[in-house]
Structure formats: C-alpha cells, structure tokens
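Contents: one structure, followed by commentary.
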C-alpha cells in the first residue's frame, strides 16, 4: 500500500466509522473485543489525550489506546479484564504513575509502512510529557501456538529475544525498547494463538521525576571550567592563593558550576624544601594541604561554585596519599584519594594508594573523580559508572607527551565505555629548583561519548597545548539519558553479566 500523507493525531468521535472498519479487519474472530462506538466513547470521555490514531491520506487506519493507572493497585499479576474494568475504564487514574497500553492495531492493508512504530513513538512522548514512570502493556504471543508442542512459553520468549524465532507482537515490542518484566498466564482467556500467555512489557521513562521541585532542581545544562595551570615559582602560600582565586573568580564570572584544578598544582611550594631528600620534601608540602583545602572551601562558598581541587600530598595515619577534595558551593566537602599510585610515586615519594571507589552527589548530579593514572584502569571507571556517574573529572600531571597520550586516550575510552563526559585538566611549564617536577606537558580537554548527539571526534573542547589558560565548556546531561536508551549501541546495558562480572572486594570500606 502506498501512502502520500501520514498523520498522527488524537482520536475523535467523528473517526468512529473508519476506526470500526479497521478494527473488524484486524479482529475477525476470537476473544479480543472489536472497538464499538460505546466503548470508544467511554475511552474518549475518561482519557481523551491517551487515544491516538494514525491516518493515511486522510483515512483512519490504526490506533493506540491507553489509560493511566496506579500500578501499585495491580502489581505484576493481573489480567487484561482487570485493567480495562469491563470496558468501563474506571481504573483510569489521572494521578497514577503508569501509562498502560490497552490496544495498538493497524489495518492489514496498511501494514509495512511502519505506522505502529510511529504510534509507539508518540505514546512514549505522551508518557514523558505527563511525567509518568513507565509504559506497561500485556503483549500477546500470536505465534506461540505453532511452537507450543516443542517448547515452553519461557523458552519461546528467549528464542524471540535472540531472533531465532519471530513473533509479530513480541519482536516488535522488543525492537521498540520494551523489555519483558514477567510472563503472565490467563491474561486474555480464550486467546488460543498465545495459549492464553502474555508478556508483561515495560518501557521506563528516563525523564521521570518522582516529585516536582520548583527550586534546587538538578541542572541538565552544566558548565565546567578546566584550569590549565602554569607551574611558576612562588614565594609563599599567599602567592598560591592569589593564583587559585584568580581562576575561581574568572570561572565564576562565566556562571560555571564546576572548576577543576590539576594534580599536584601546589608543587611550586616545594622549592623551599629542595635541600631535603625527595621523600621528605613532599611531606613538607603535605603540611599545607589542610590550609589549602580550607581556602578552597571559602572560595566555593564566596564564588558559588563547586571546586575540584586537583590533588595534594596528604598524610593520614602516618601514610602519604595523593588526595584532593570536592568543595561544594554549599560549604560541604569530601575527600578523594588516588587509588593507583604510579611506580615513580611509590619509588620516589613512598606514596600509598587509597581505597575509596565512590561517586559524589552534587547539585548537578552524580560525578566521579579519578586522579591521573587512575583513568588508565577501566574497571575503576566502570564501578563509578555503575553508581550513576554522569561526569568524570580527571586532574592529571604528566611530564612528557608520552605520559599525556596515555591519560588522554584512556580518558576518551572511559567516556565511550561508560556513556559519560570526561573532563581532564593538567599543569604546564617548567618548574626550576623542585626535584622530580622539572617539566610538565598538558592539553586539557572535555571528552564525550561517540554517537550522533555528540561531536564526531568525541572531543567537545580542548585547550591549546602547553599554554596557561581556562577552558569553559557546557555539557548536556539529558543527552546522556537519551544515549542510554536510544544510542546506536548500549555499552552499559549490553554487558554480558552471564559471562563476566565486576565487583568491589570490600564495598563497605571502599565507598564510605
């Protein structure tokens, strides 16, 4: 059948004749009801916005009918008759949480035009616009009758999932983003084709919010400021504070939500201890860490910005760590530690790796922070992603372009693997009279997943290599939500948990 014009719109009472004709062509026999005028009028009275039709060249040739229900009243064990309440549709509840699909059909003469897919897309749009938690539906399995002698209903579903068998209803539902939540028995009594089985299908609305907040709402558009810090001689900690405040002030003027400093950016202060051994000099630098942290907390409040302080040497229980702090603009703060110390850090400074693997809650959603070498370990980032991370911040310090290349390419891989944004910020320039900190190489950048909503290169923005500067860049968290459900590939969802698994050795100590 050819089509010159296709339109999706709300059904009206004037469409009844054409709707009835299409219904009778679909349901020539069997237990499923044909849509009489009284039944459709009841639906239009209860929930007119939920009744959608598709027209080809001005003729109604299909429909998608829905109700809003309070799903807690039904649970996963229910029948079709219970949902539609004897065609009275009294279970429709405007304050419910689920859009329940009670019908989709296309006139047989108009199949092959992908009209049902259009109806499903509009139904999803309706679910999102009404801020409902999910779309649920009971799906028939019309081809199961042909296979019932050789397999169970569960085996049939698995074979359809693997595309070893085709079912006109279930295959279509799976292709449209629904998953099978449960197998129902007796859903539609007398449905011989399905052997009275049905799949309880679910499509989750990723934009659903349980309650509407008018203030302090998590932002979808987030602005980041990445500091490409110039190593320079500093006479005192006050000089360091002046440079820190310069960048915080500048980024705040642009309305940024976060500012990221590099790893070990306070290293110039070690010049005062260059006469000491290498391990002792960095322990002297660690004496400044709490003072620097407290100054960052003051800046976060004063400039209304979340500060990721890069990293500093920090002594806890006699052990030296490479640590940093998330200083939120509400005055709260949390510590993070470098988990994987480099061979040079272990050899020259006797540093110890931390054991915290956690995401941090902010007013812009969940973030992760990994220090330099940490980003070269994909398992670490995946554990953060499993905890809901949307943005990964990576303060780094590399002396050569080889080291930078490792950080850069691993950071880009983490963005693709974990469907998140990855921001990296490093230090540049030379630092005379500081052992082990002679030269630095960096090009700070913001990396994205690789899909249609993002740059084709996976690079949203990048700084000029080896020049002191600020990089201001916006990220769209809604684009990540769209990617998770509708991306070309589903890296997070398609992991083979039946083949391999990833878990923390000691979840309690690692995340507290």
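The angle between the Cα long axis of helix 115-129 and the main principal axis of the chain comes to about 60°, on a 0 to 90 degree scale. Percent antiparallel among DSSP beta bridges with both residues in segment 222-511, to the nearest 5? So the antiparallel bridges in segment 222-511 amount to around 60 percent. Residue order for 452, 396, fewest other beta carbons within 10 angstrom first, comes to 452, 396. Please give the helix 477-486 orientation as an angle from the longest Cα principal axis of the chain, in degrees from 0 to 90, rounded to the nearest 10. Approximately 50 degrees, to the nearest 10.
By DSSP, the beta bridges lying fully in the chain are antiparallel in about 75 percent of cases. Segment 217-250 and segment 178-205 have Cα centres lying 57 Å from one another. If I fit a long axis through the Cα atoms of helix 401-417 and take the longest principal axis of the Cα atoms of the chain, what angle between them do I get, 0 to 90°, rounded to 10? The two axes meet at around 20 degrees.
Can you say what percent of the DSSP beta bridges in segment 383-512, counting only those with both residues inside, are antiparallel? Round to 5.
So the antiparallel bridges amount to about 65 percent of the total.
Between the entries [x] 24.8, 77; [y] 27.0, 90; [z] 29.4, 94, the label attached to Rg and Dmax of the Cα atoms in Å calculated for this structure is [z].
We did not get these values from a lab; they are worked out from the coordinates using the rules stated. Bear in mind that the values here come from a model prediction, so they are computed numbers and not experimental data. Using ideal geometry, Cβ is built from the backbone for each residue, glycine included, and neighbour counts are taken over all protein chains shown.
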